[in-house]
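**Q** So that we are looking at the same thing, I have put the structure below in structure tokens.
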Amino acid sequence: MTIAVLKYWILAAMGIGTSYYVNKGKTKQSLYKSKIMVRSMMMDIIGILMIIGVIMAFIPMELITKYLGNDSQLGLSLLGASIVGGITIIPAFIAFPLVAALQEQGANIMVITAFLTTLTMVGVATMKIEIGEFGRKFTFIRNSLSFILAIAIAITMGVIL
């Protein structure tokens, strides 16, 4: 455990202690609700770890490096990751650990940034709903600009990092 983590634990304990001193009933109620929330999230967290483990087990490191790494055809990898990110719906709490695992396996920062930014900014799978709410023109302009900006962000990240 790092010192920073220890500081947060101490601050949390002090906050709970102060809350308990001010209002014992509300503190007990909030701790109970927190316990229920942690229990419900635990299955999601275990599921995330299992998904990442399965992906990392079935996709060899050489394949990741070949298609997503620094030695790959960067333009094709960037475009492919952007398209996959734009058409899939993956919750952020799954996407971030997945991207971190891919980076550890040798994926290029530009490629994983393109995947992550299009995943969050472009919504091909939700276009029907968006067209119904905002109209066809707005939806296509927003998604097109988001796609272009996501690639620009990825390239910028590749240059900076």
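**Q** Quick one: is GLY15 in a helix (DSSP H, G or I), outside the structural domain of ILE148 (by TED's automatic domain parsing) and either at pLDDT below 85 or not small (Gly, Ala, Ser) (or both)?
**A** no
**Q** Next question, about the same structure. Please state which one of ALA154, ALA92 is without any contact (Cβ under 8 Å) to a residue 40 or more places away in the chain and either over 30 Å from MET41 (Cα atoms) or surrounded by fewer than 14 Cβ atoms within 10 Å (Cβ to Cβ) (or both). Give the derivation first.
**A** Values: ALA154 fails: without any contact (Cβ under 8 Å) to a residue 40 or more places away in the chain.
Only one candidate qualifies: ALA92.
The values are calculated or read from the model by the stated rules, or taken from the named source; none is laboratory data. Remember, predicted model here, so these are calculated numbers, not experimental data. Cβ atoms come from the backbone with ideal geometry, glycine included; neighbour counts cover every protein chain shown.
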